[in-house]
Ligand SMILES: Nc1ncnc2c1ncn2[C@@H]1O[C@H](COP(=O)(O)OP(=O)(O)OP(=O)(O)O)[C@@H](O)[C@H]1O
Ligand SMILES: [Mg+2]
């Protein structure tokens, strides 16, 4: 008897489809949850994250530029992670989300400053999550007047002036108007998928145990992997139905832009749906009854919503929370989907967010298979 | 039609749940073509034993073969050739009758699936209702559906856990005719039941009490080996007579049956003495009869209880 048979898998898939079709409540949940959540989270959630990563792109390094950078860091809103003179590198850091801000110091800045020309610096911000950048940008305005107080003394004192010796111009990239829905709505897609996919599959195996049908299933020659995959497959479709609902809402109701490739979207969502389904099915094979499965699902959902960067800006969280967040699929999906929809990221830029999901699937599915109860003991 | 090839051959099978020993050192041998009746009071370990045989539970101790395959190591291969009918209906109530049968046929990788399912539906007489949900069937029909589903893949060994509980007499008779037909084709059947008439239709019986297999053999040999003597008492006012007889320790079992009384015991002499006053009354007719299987089983249960306590 072969260890894995597509034919038996097909038997399970068909059975699950029919059962799903007859389960009105699940059907209602599939459409209802996205609609309710979209309405609920239509408003913004604000917070005040600090120590956001900053890259400085500068052609020169003078006491004046150093003072400005120091002043920025001193606001507590920024941590300098990279000093570079390459525009390409700075852009890439921003697109990958490695930094949230890039301060560009143009060539000849110091000379212009000393000549009293009030030169401008350019501060680019990744504004996909406006709440994460708003306070930091406000703090930047403060330093215009103060950064160089100690440098501009003696004969240069007049440069301080009323308008400040230099200006900082802002450029909000990806979401120039700072519309929070742009951030919330793609994020919501991740939250909704996490919630429904996990909860629906978490019940899949425990239901068989509780209805007593597991005894029959175990007595038949179906393999654990066939049962698990067979139960997952119908929900992939359910997930795509939800994505369609949310995408429609974000396009027609919230007017969220759609920058990236459609194929990448479909593939990325598939990976994320699979990650959640494996969590659900593993929860299901680990728990003893449906109540336990529900509890475990919530145990997973709560940190997903709180620590993934959906509720609070990821960089605003303490380190331990970021560590937990990094282990959650939603965190990576949020980076992926925001990058795709708002930044128009391509495959290469999406990959750093997709491989953690694939790794997650492998590990979780492995745990589920190990813990799948092959007997009634 | 019993061959010599042992289809089930297990020794020292044990299983506990917590500190409750459900199956205790059971040795079981069932030959090809046997119809092996598995009897015992509620909670005695019948279902547990059957689950151990088809690999649904892992035994704490014991070893042996099922269909020539190792019960411990090869349960996956055993499953392919076994048809197991659970005591509690465990097909999908939210699938139709046909969908349930289709599912089973697919899982076993049956080639002529449609024909096999059609045939099963025909034999069941459920062709008209094939698109009804299994959950909407009456209890007896559910049993019949489950039975035909577990025979669908033509297993070599049938493990049936109270297959006829709640099934009407005609359907039960049809079922037993079918069992005998299968037995004639060399299929082995282990069937648990609480019905005495069904026990009598088996060619071998095993009686389990408190997890111990306390009696085994053909119905005839079980009766002979029990050492029971049974008298049939016919006469007026049978219930008062029954109460009087129960005063005698030798009258171990006094069972009213309509207007008659079955009185059984193992001490032939003492029992005869207890009945002598009745024999001398003209109104009563007292005669020796064959012990019934039921009396044999109740004796087996009582003695194993005495040994336990
Ligand atoms: N999963 C389990 N967990 C704990 N105890 C169990 C479990 N399964 C069975 N038992 C116990 O093991 C004993 C034997 O049960 P089993 O179901 O085998 O009896 P049975 O002979 O089939 O009874 P019945 O005639 O009522 O079907 C019972 O005392 C039962 O309570
Ligand atoms: Mg039982």
As an exercise, use a Förster radius of 51 Å and the Cβ-Cβ distance of residue A:17 and residue B:268 to find the FRET efficiency, rounded to the nearest 0.05. 0.15
Tell me the label-point distance for the pair residue B:260, residue B:244, using the 7 Å Cα-to-Cβ offset, in nm and rounded to one decimal. 2.0 nm
Taking every residue in B:83-92, how many Cβ atoms of other protein chains lie within 10 Å of its Cβ, on average? 5
Highest average packing first - A:203-213, B:163-173, B:205-215, Cβ atoms within 10 Å: B:205-215, A:203-213, B:163-173
Please check which bits of segment B:140-173 a label hung off residue A:7 would reach, taking the label as a point 7 Å along Cα-to-C-beta and the cut-off as backbone N under 11 Å. none
Percent RCO, i.e. relative contact order, over segment B:192-231, from Cα pairs under 8 Å lying at least 6 residues apart: 28 percent
Ranked packing of B:228-236, B:108-116, most packed first, by mean Cβ within 10 Å: B:228-236, B:108-116
Overall form of the protein assembly as shown per C-alpha gyration tensor (a/c, 1.5; a/b vs b/c): prolate
If you project the alpha carbons of segment A:180-375 onto their three principal axes, what span does each projection cover, largest first, in Å? 52, 34, 30
If I model a spin label as a point 7 Å beyond the Cα along the Cα-Cβ vector, how far apart are those points for residue A:98 and residue A:85 in nm? 1.9 nm
In Å, what is the Rg of the alpha-carbon atoms in segment A:52-173, and how long is Dmax? 13.9, 44
To test your reading of the geometry: what angle, between 0 and 90 degrees and rounded to tens, separates the Cα axis of helix A:24-40 from the longest principal axis of chain A? 10 degrees
Chain B: calculated mean residue ellipticity at 222 nm from DSSP helix runs of at least 4, using -39500 (n - 2.57): -11000 deg cm²/dmol
Counting other chain Cβ atoms within 10 Å of each Cβ in B:66-76 and taking the mean gives 1
Measuring from the longest principal axis of the C-alpha atoms of chain B, the long axis of helix B:293-308 (C-alpha) lies at a number of degrees, nearest 10, equal to 90 degrees
At R0 = 60 Å the Cβ-Cβ FRET efficiency linking residue B:61 and residue A:51, nearest 0.05, sits at 0.45
Restricting to Cα atoms and excluding each atom paired with itself, what does the Kirkwood estimate give for segment B:18-111 in Å? 15.4 Å
Gain in span if fully extended, residue B:181 to residue B:133, counting 0.36 nm per residue against the direct Cα distance: 14.3 nm
Using just the helices of chain A, give the 222 nm mean residue ellipticity in deg cm²/dmol: DSSP H runs with n ≥ 4 each add -39,500 (n - 2.57), and the total is spread over all residues, rounded to 500. -21000 deg cm²/dmol
How big is segment B:229-290 by Rg and Dmax over its Cα atoms, in Å? 10.1, 27
Stretch residue B:290-residue B:194 to full length: gain in nm at 0.36 nm per residue minus the Cα-Cα span? 32.5 nm
In degrees, nearest 10, the alpha-carbon axis of helix A:347-371 is tilted away from the dominant principal axis of the alpha carbons of chain A by 30 degrees
Could you work out how much longer the chain between residue A:138 and residue A:355 gets when fully extended? Use 0.36 nm per residue separation minus the Cα distance between them, nm to one decimal. 74.6 nm
Which peptide among A:340-350, B:140-150, A:126-136, A:259-269 comes first, and what is the full order, when sorted by highest mean count of other Cβ atoms within 10 Å? A:126-136, B:140-150, A:340-350, A:259-269
Rounded to a whole number, the mean other protein chain Cβ count within 10 angstrom for residues of B:56-65 is 2
Output the relative contact order of chain A, whole-number percent, from Cα pairs under 8 angstrom with separation of 6+ residues. 21 percent
Remind me, relative contact order of segment B:206-309 in percent, using alpha carbon pairs under 8 angstrom and six or more residues apart? 33 percent
To two decimal places, what compactness ratio does chain A give when its Cα radius of gyration is scaled by 2.2 N^0.38 Å? 1.22
When the Kirkwood hydrodynamic radius is evaluated over all pairs of different C-alpha atoms of chain B, what value in angstrom, to one decimal, is obtained? 21.3 Å
Most exposed to least, judged by fewest other Cβ atoms within 10 Å, A:351, A:252, A:10 sort to A:252, A:351, A:10
Nearest-0.05 FRET efficiency for residue A:248 and residue A:117 at R0 = 35 Å, using Cβ-Cβ distance, is 0.10
Between residue A:370 and residue A:291, what is the spin-label point distance in nm, taking each point 7 Å from the Cα along the Cα→C-beta axis? 2.9 nm
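Laboratory data are not the source of any read-out in this text; all were calculated from the coordinates shown. In this text, all values refer to a predicted model and were calculated from it rather than measured experimentally. Neighbour counts are summed over all protein chains in view; Cβ atoms, including those assigned to glycine, are modelled from backbone coordinates with ideal geometry.
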